[in-house]
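Report on one structure; see the data block that follows.
FYI, it's all coordinate maths here, none of it is from the lab. In this text the structure is predicted, and so the values were computed from the model without any measurement.
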Amino acid sequence: MSHDARGGKPPIIVAAGIVIEAGRVLVSRRKKGTHLEAHWEFPGGKVEPGETPQRALQRELMEELGIECEVLAPMEVTFFSYPSKDVLLLFFEAARTARSAEPRALDADEVRWVGVDELDGLQFPPADLPVLERVRAELRRRAALA
């Protein structure tokens, strides 16, 4: 397997969670001073060496938002090349456990539950754009069943 001209570095693997409750999806805003600051995203983070993507997602959701989640099925896999790095994003559907706290911004600028119509007004990183259509479709599907 070859890598591009970024010093031969492999892509950064990121696990992100799509948490849907009551017709809304959980999003968080990146903190000032971080890569893509002030962009909204589906919460998650880097997979550390020796960690599965599912375990990384559980850890990141606890660290960033203080919530306990069960990681369910993969929803989307996206590769994106930023000018300074390549990222492989693994988006999983996730569900808060019965004993989970309400989400709060522990390592994020802000956290919100948003409906399908509110997603259009938020600025997401380019790497998240492919999964946005899947999330919109899932929110609409669930609304039609309700």
Next on the checklist: Can you tell me how region 12-145 classifies by the Cα gyration tensor, rounded, prolate or oblate, using a/c under 1.5 as the rounded cut?
Outcome noted: rounded
Checklist entry - Which whole-angstrom value gives the distance between the alpha carbon centres of region 84-146 and region 30-69? => result 12 Å
Next on the checklist: Using 0.36 nm times the number of residues separating ARG112 and LEU129, minus their current alpha carbon distance, what extension gain do you get?
Outcome noted: 4.3 nm
Checklist outcome for this item: Helix-only [θ] at 222 nm, the chain, -39500 (n - 2.57) per DSSP H run of 4+, per residue, nearest 500, equals -7000 deg cm²/dmol
Next on the checklist: Suppose the chain between ALA38 and ARG104 were pulled fully straight at 0.36 nm per residue; how much longer would it get relative to their current alpha carbon spacing?
Outcome noted: 22.1 nm
